[in-house]
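Laboratory data are not the source of any read-out in this text; all were calculated from the coordinates shown. Only a predicted model underlies this, so the values are computations on that prediction, with no experimental measurement involved. Methodologically, a virtual Cβ is constructed for each residue, glycine included, from the backbone with ideal geometry; neighbour enumeration extends over all protein chains shown.
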């Protein structure tokens, strides 16, 4: 049995919450994606896959809604809201990304939902949370990445703040929301009580900053963006290169301190010496006593010039294989094609082919995010078509008659 197989999720989210529902679905929950009668607007998000029949399909939609069932329901209509309360009776979770206060306006706020289903867990995902001065802010990925502080650390020192091209905020907030949902489930197993999980995308993305927020607490300095360099590691103010050009792209490597770092630095110099490109100055360094926190910029430059020349002779794959063999801290910067063709992922059978019924294409999905009892959660079903499971959910499970369903459909409720 899958971990969450006994549980049902009503997924009312837009793109900011898609990945939360996907995580719960991958773990085995019966996630029912609820979308408007005309279909979720996100079905039109690019890039597209050309279907053999019908309009092109959004690859974004297909990726983040696999493993979910799908029904249609007009949540803004009174009859739609009444029908939704009937769906609540068998639900364990409701996921939503409406503006704060929207569910209350519909008479479906958390207090009312608890009257209907005391054990219900409501997961509310918004750009800046349900309370506070920013609660009513509208925000796309760009604004969320900026408000979280992530963009302040990305880009060149004298250039503008940068964001990652593929939207990242929905991934971070989806993972945090799923963890919040599961924490609430654990609490319910002890208390029998449901609760509302308030998830702020702004706060969730702060996890992407790693140790940056602690710089002020520990060193009384704020980290600043420095392009391909890293600052704040040495008391001298020296900057150290993080990304290095190689034959076919880029390599990530930093001069580290500590026992692991000194070991890696020494192994790199030995590798350079094998190739006859290690100057005497770098070979004479006492790596056992190397202190990265006190190194000067001149010393950094003297090390990085020959290292950079060596890296320029390598391919990404050559560096990766050499680094693994020698236990060097570093890795190639893979693009999408590199990831797809990675021999380790292929050997682990990470990619899973899923037949798309509309296009007839086999789509390769990434494997599950975890190993559970030695197996990755599988893609059990492709993303649903508009209203694909209306009959299954409303008639077979909820008991609506054919005439009632026809009436709801004619009124545009489903």
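Taking Rh as the Kirkwood radius computed over C-alpha pairs, what is the Stokes-Einstein D of the chain at 25 °C in a medium of viscosity 0.890 mPa s, expressed in µm² per second?
Answer, rounded: 100 µm²/s.
Taking Cα atoms, how many degrees apart are the long axis of helix 297-311 and the longest axis of the chain, rounded to 10 and kept between 0 and 90?
Helix 297-311 and the main axis of the chain meet at about 80 degrees.
As a check on your grasp of the helix formula, calculate [θ] at 222 nm for the chain: sum -39500 (n - 2.57) over DSSP H runs of n ≥ 4, divide by the residue count, round to the nearest 500.
Per the formula, -10000 deg cm²/dmol.
Using r as the Cβ-Cβ distance of residue 407 and residue 385, and R0 as 22 Å, what FRET efficiency do you calculate, to the nearest 0.05?
0.45
Given 0.36 nm per residue, what is the gain on full extension from residue 175 to residue 157 after removing their alpha carbon distance, in nm?
3.4 nm
Measure off 7 Å from each Cα along the Cα-to-Cβ vector at residue 114 and residue 63, then give the distance between these two points in nanometres to one decimal.
3.8 nm
Rounded, prolate or oblate for segment 228-333? Axes are the square roots of the Cα gyration tensor eigenvalues, ordered a ≥ b ≥ c, and the cut-off for rounded is a/c under 1.5.
It is prolate, given that a/c is not under 1.5 and a/b is the larger ratio.
Exposure proxy check: 229, 394, 320, 187 ranked by fewest other beta carbons within 10 Å?
Exposure proxy ranking, most exposed first: 187, 229, 320, 394.
Per 0.36 nm of contour for each residue apart, how much would the distance between residue 373 and residue 138 grow if the chain were fully extended, relative to their Cα-Cα spacing?
Computed gain between residue 373 and residue 138 is 80.5 nm.
Taking square-rooted eigenvalues a ≥ b ≥ c of the alpha carbon gyration tensor, is segment 1-83 rounded, prolate or oblate, where a/c under 1.5 means rounded and, failing that, a/b exceeding b/c means prolate?
Judged from the Cα gyration tensor, segment 1-83 comes out oblate (a/c at least 1.5, b/c at or above a/b).
Please give, to one decimal in nm, the separation of the simple spin-label points placed at residue 273 and residue 78, each 7 Å out from Cα toward the Cβ.
Inter-label distance under the simple model: 8.5 nm.
Arranged by the count of other C-beta atoms within 10 angstrom, fewest first, what order do 121, 372 take?
The fewest-first ordering by Cβ neighbours comes to 372, 121.
log10 I(q)/I(0), Debye, Cα-only segment 308-414, no solvent, q = 0.11, 0.15, 0.21 Å⁻¹?
Here log10 of I(q) over I(0) equals -0.63, -0.86, -1.12.
With r as the distance between the Cβ atoms of residue 398 and residue 3 and R0 = 30 Å, compute the FRET efficiency 1/(1 + (r/R0)^6) and round to 0.05.
0.70
Find how much the distance from residue 361 to residue 297 grows on full extension, using 0.36 nm per residue of separation minus their present alpha carbon separation; answer in nm with one decimal.
Computed gain between residue 361 and residue 297 is 17.6 nm.
May I ask you to sort 230, 414 by Cβ crowding, counting other Cβ atoms within 10 Å and putting the fewest first?
With the sparsest Cβ surroundings first, the list reads 230, 414.
Can you give the FRET efficiency to the nearest 0.05 for residue 211 and residue 281, using r as the Cβ-Cβ distance and R₀ = 25 Å?
The formula returns an efficiency of 0.20 here.
Need one number: nm distance between label points at residue 247 and residue 339, each 7 Å from Cα along Cα→Cβ, rounded to one decimal.
In this crude label model, residue 247 to residue 339 measures out at 2.5 nm.
Expressed as an acute angle from 0 to 90° and rounded to the nearest 10, what is the orientation of the C-alpha long axis of helix 258-274 relative to the principal long axis of the chain?
Helix 258-274 sits at roughly 60 degrees to that axis.
Return one number: the angle in degrees, 0 to 90 and rounded to the nearest 10, between the long axis of the Cα atoms of helix 78-88 and the longest principal axis of the Cα atoms of the chain.
70 degrees
Of all DSSP beta bridges located in the chain, what percent are antiparallel, nearest 5?
45 percent
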